[in-house]
Each structure stands twice: as structure tokens, then as C-alpha cells.
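The structure appears below as C-alpha cells.
Laboratory data are not the source of any read-out in this text; all were calculated from the coordinates shown. Remember, it's a predicted structure, so these values are computed and weren't measured experimentally. FYI the Cβ positions are ideal-geometry reconstructions off the backbone, even for glycines, and counts take in every protein chain you see.
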Amino acid sequence: MGIKENLNKLLSNISPNITLVAVSKTKPENDLLEAYNAGQRDFGENKIQEMASKWEQLPKDIRWHMIGHVQTNKVKYMAPFVHTVHAVDSLKLLKEIQKQALKNNRVIECLIQIRIAEEETKFGLPESELESLLEASKNFPNVIIKGLMGMATFTTNNDQIRKEFKQLAACFKRHKDLEILSMGMSGDFPIALEEGATMIRVGSKIFGERNY
């Protein structure tokens, strides 16, 4: 099946009020254009330079989601165009996004990444530090905290994945002013949806497997 067919199949199986972010990292611009022509507007990248290059070449009504870990010194390259930054995990990063958004006369939407996985390699803010970061964000007029993001442990144990998504969903429910719960990728998004995700990030189910 082609990209359009994959996209349509996926969309037919999820509720219309779920935001699907097509994870297009490492994929050529032609693939993104095929998805765009099928109606897709939200695309996720994990490298800022690659995302900036695609932004320059592709239609300007695409909503670009930075879904990877962000280094503060790279924020300036995406500030002119990025729609949502998914992996905000420190006050330092939030301050830099505010600074660069202000320079570009923009308001940038952000999600706070909460660490739910047991793997040491996963980034994220401990849940205990969420309140203070939300409070600090009120001083940043060019940043809007729209919700939370989390990545489950990379495992075939669905019970563990569900437990981690439940933990993030419970945290999300405690903060009534947040709108977006971004969790679930190609391998585990059905569980994420069952546990209350409002946004999923899917790559290989749309574009096929990645060639690294």
C-alpha cells in the first residue's frame, strides 16, 4: 500500500478528534508531499536542521512538530516556523524557546515531556517537577503550554506500556487547563488511545520502515 492508502486506513481507525502527527524523520520530501496531498498537515521531525530544510521546500500551511530532544543552542533555527515543541523537559529550554519566539514575534506551543519509561536513555521531566515548570511558564508570554507528552518503555510487554500510559493520563487529568496528551507511536498507539491520548505520533505505519 502507498502512503495515501496507509494514511486513510489509519485515519479510518481513529476518532476525528485525535490529532495524528505523521513522523517524517529521515523520509524524503516527496513522501511528505504525498501525505500532504492526501490531506495530512501535522508532521513530526526529531532533528531541527532536517525539519528546517523541509520547511523551506514544502507548503507553508504544514504544522511542524519537533518531537525529538531539543538542545537549547538549536532552538533559534526552528523558532521562525515550528508549530509545537513536544519535548520540553527543563526551565532552561523553556526560557530559550521564549527568547527565540519573542525575537521572531511568534507564540510557540509546547508540550512538557514527562518521564514515564524505565529506560535510562529516555528524556523527560520527573512528574514531581511539573507544577513548578507550569508556574514558571506563566512568565513567558510567547510560549503556551498546551499539554503533556510521554514515551513508554521500548518493550513487547503491553501491560508495562499500559501502566506507563495510565500514569501519564492520570497526571494529565489532574491539570484541567491542559488540552493535549501526546503519547503513542507506531508500535503502541492503540494502547495510548485506549488510555486517553489526544495526539499520536506515527511514522512507519504511514511511510513504511525507516532506512538508517
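What to note about this one:
- Taking the centroid of alpha carbons for each part, segment 167-212 and segment 16-42 are 16 Å apart.
- Cross-link partners of K166 among lysines, defined as those whose alpha carbon lies under 22 angstrom from its own and excluding same-chain residues fewer than eight positions apart: K122, K146, K176.
- Gaussian network model of the chain, springs between alpha carbon atoms under 10 Å - residue of D177, D31, D42 with greatest fluctuation: D177
- Which of S90, S15 has the fewest Cβ neighbours within 10 Å, and the rest in rising order: S15, S90
- Counting only residues at least eight positions apart within a chain, or on another chain, the aspartates and glutamates with an alpha carbon under 20 Å from that of K103 are E56.
- Set of segment 98-117 residues, backbone N closer than 14 Å to the point 7 Å along the Cα-Cβ line of T155: 116-117
- Cβ-Cβ FRET estimate between R106 and H175, R0 fixed at 25 Å, reported to 0.05: 0.55
- Each helix, a run of at least 4 DSSP H residues, gives -39500 (n - 2.57); summed and divided by the residues of the chain, these come to -10500 deg cm²/dmol at 222 nm.
- Taking a straight Cα-Cα cut-off under 17 Å and skipping sequence neighbours fewer than 8 places away in the same chain, the aspartates and glutamates within cross-link reach of K99 are D89, E109.
- In segment 111-212, the GluC sites (Glu not before Pro) that fall in loop regions by DSSP, at most 16 other Cβ within 10 Å: E118, E119, E120, E179, E209
- Cα→Cβ-extended label distance, 7 Å offset, between M1 and N139, nm: 4.9
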